[in-house]
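Visitor: The structure that follows is given in the form of structure tokens.
Just so you know, all these numbers are worked out from the coordinates, no wet-lab data involved. In this text the structure is predicted, and so the values were computed from the model without any measurement. Glycine gets a Cβ as well: all are built from the backbone with ideal geometry, and neighbour counts include every protein chain shown.
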Amino acid sequence: MAKRVLSLVLCLIMLVSALAGCAQKDENDKGAYIYMYLTDMVYDLDPARAYENESNLRIISLIYDNLFVLDENGKVKKSLAKNYKIQENEQAGEYKMLIELNDTCWTDGIAITANDVVFAWKRVLDVEGSYESASLLYDIKNARAAKEGEASPDDVGVYALNETTVEIEFEGKIDYDQFLINITSYALVPLREEIVTRYDDWAKKSASMVSSGPFRLGTVSYDEEDARIELERNVYYYRDIEKDDLDKSVTPYKIIVDYSMTDEEIMQAYNDGKLFYVGDIPVSVRGSYKDVAEITDALSTHTYILNHDAVVRYYDESKFNTETLNKAVYTIANNKSSLVADSSLVNGVDGEKIFAKSGVRKALSLALDRNAIAEAVVFAQAATGLVPYGVFNADSAKQSFREVGGTLISESADMAAAKAALAEAGVDPSKFMFSITVAAYDDVHMLIAEMVQKAWEELGFHVAVNAVNVITNDDENPLTAETPKDIKDNVFVEAYCAKAFDVIAIDYASYSATAYSTLSRLAKSFSGQGMDMMVTDYKLTPHISGYDSEKYNAKMEEVYEASDAETIAALLHEAEEIMVEDMPIIPIVFNQNATLTSKELSKVKATYYCPAIFTKTKLKDYEKYIPADA
């Protein structure tokens, strides 16, 4: 009897082991490992900050889902939203939208709820937070008042009626189609309050974040020899884990983005069939692929932000270097890293606020040969305005805002006109030195900075390129009381947010497919910049450049008061013309997406904002690409 029991026990153990082995094999084999070069390395995956780095959006679009999305044809489609309805009571002056959520979960298995929508939107509207996407929500009752410190967050008209129903109350009758386009922005995806509020660096590490999209952040390595980001299937994404197959909603098991290769090695691996997708063709080899790449509009404009409040220093040969020109110093105080303004810039600095003069700004713009820059970048077009191609003129993709607006900025340089503008402004460029702050890890941005530097030096200024890189995070994690060594801080983004620059190079992205999302944030009441509520005389903060034009602000108020798409579009064209006349920021090139897709891949989809969504992507004969140690 004992032997029989022992035999049964041994058989049971062997069966359990076999089943466990099958389960492990099934989970790893159920879908491809897709090796690719998706985009540059990313360091912070907070969706509300996605548009400060174009590369972030490529990853965020894969790990977060939104209520509504714009498909590749520019049509609004339901995603997390199961359905919606509009309720109007004109006699009571009540205008509402009810959104019912689909049944799906975060990557930790917890259901996505209406409270997650409410938290994310109110976070963007926080009076002390700087979120340039805030104005996308200003149709909501008391949203603008809350952002301006005139109403409590509790007064904002967005509520969780229950776990699955979001109620939105509007200020009045609005263009609902326009609002739906606004909330397709990835900056407004739902977020979990207990995740976001417990740790400042929550979006920099997979262990401290959850996501709602088809993939979750897996392994991240910044080691040069094995630099990579791995995205893994979200097993809870529109799936009943008790009943449904692992690949019911998401086909690939992993997306592996390899950063350890040189430009030439990336392209060789693609040509050899070892990489199956290239989402960001290295600038050094672009010329060879311009005729075979799939090109789409990126809905962003590479732009130089001029700091109108910067005291631009008088030229001193002994101090003409990036260390002394850099308007930020990196300090470590109280075991916490932070960017602080250099006190010498406030007390006794020898210089002038020349960027506050529109003549100087226009001169800097006139000196640029945008055609030459676009040709060097390869996948770009000379900027002829601020609003890029692809942005809707009204509320559909049928008509382009840029095509209707035409050419407002010269594509070629006019050095004579630039020098004349400086003379009229009373500025001798040879007397001044300043720096262009640029992300050192972005080869395209570095290339453009070097070309702009040469143009502005030809104009007579003394210009340095301040290439800023990332650093290892040294902030203590309050959850573990340890200092992590596996996350990075993007000092370039910190410099931008702290306004610690003379001139800074950014991709000025449209937060949605509307021109309003591009132009509104240049107006003071729509800038989204935070205010210090600890002072009694708090004031609205203008755009991060410091631009504060009464004419432009008034025009944007007209836009805000208008209710139909055609009127809004006409007013926005007028606003862009004012902006170009003032030139508070300098558009340089319209960015384009250029991608390469292997014939081994099928069902690579896109949204209007992102060139590749891999939810249902299939890799031919994927089993042979599964690593041996899996």
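Visitor: Need the C-alpha centroid separation for the stretch 405-483 versus the stretch 193-207, integer Å.
Guide: If we compute the Cα centre of each part, the gap is 32 Å.
Visitor: Now for a different question. Let me know the number of lysine pairs in the stretch 70-196 closer than 21 Å at the Cα, not counting same-chain pairs under 8 apart.
Guide: 16
Visitor: While we're looking at this one, here's another question. Using label points projected 7 Å from each Cα along Cα→Cβ, tell me how many nm separate residue 90 and residue 274, to one decimal.
Guide: For residue 90 paired with residue 274, the spin-label model returns 6.8 nm.
Visitor: Quick one: putting +1 on the C-beta of Lys and Arg, -1 on the C-beta of Asp and Glu, what dipole do you get for the chain around its Cα centre, in Debye to the nearest 20?
Guide: Dipole of the chain, to the nearest 20 debye: 1380 debye.
Visitor: Listed here are the pairs 254/290; 290/618; 274/620; 524/555; 353/454; which of them are more than 19 Å apart at the Cα?
Guide: 254/290; 290/618; 353/454
Visitor: How long is the gain from residue 155 to residue 414 if the chain were fully straight, where each residue apart is worth 0.36 nm and the alpha carbon distance is subtracted?
Guide: Full-extension gain reported as 88.0 nm.
Visitor: Also, quick follow-up: Could you check how many percent of all C-alpha pairs in the chain are farther apart than 35 Å?
Guide: Above the 35 Å cut-off, the chain has 43 percent of its Cα pairs.
Visitor: Sticking with this structure for a sec: What does DSSP give for the stretch 299-591 in terms of the percent of beta bridges that are antiparallel, rounded to the nearest 5?
Guide: 75 percent
Visitor: How are the C-alpha pair distances of the stretch 299-591 spread across 10 Å bins, as whole percents from the shortest bin up?
Guide: Bin by bin from 0 Å, the calculated values are 6, 26, 33, 23, 10, 1, 0.
Visitor: With label points built 7 Å along Cα→Cβ from the Cα atoms of residue 110 and residue 245, find their separation and express it in nm.
Guide: 3.2 nm
Visitor: Give the calculated FRET efficiency between residue 265 and residue 294 to the nearest 0.05, with a Förster radius of 25 Å applied to their Cβ-Cβ distance.
Guide: So, using R0 = 25 Å, E works out to roughly 0.70.
Visitor: To continue, here is another question. Normalized C-alpha radius of gyration of the stretch 70-196, against 2.2 N^0.38 Å?
Guide: In units of the 2.2 N^0.38 Å rule of thumb, it is 1.03.
Visitor: What distance in nm separates the simple spin-label points at residue 532 and residue 321, each placed 7 Å from Cα in the Cβ direction?
Guide: 3.3 nm
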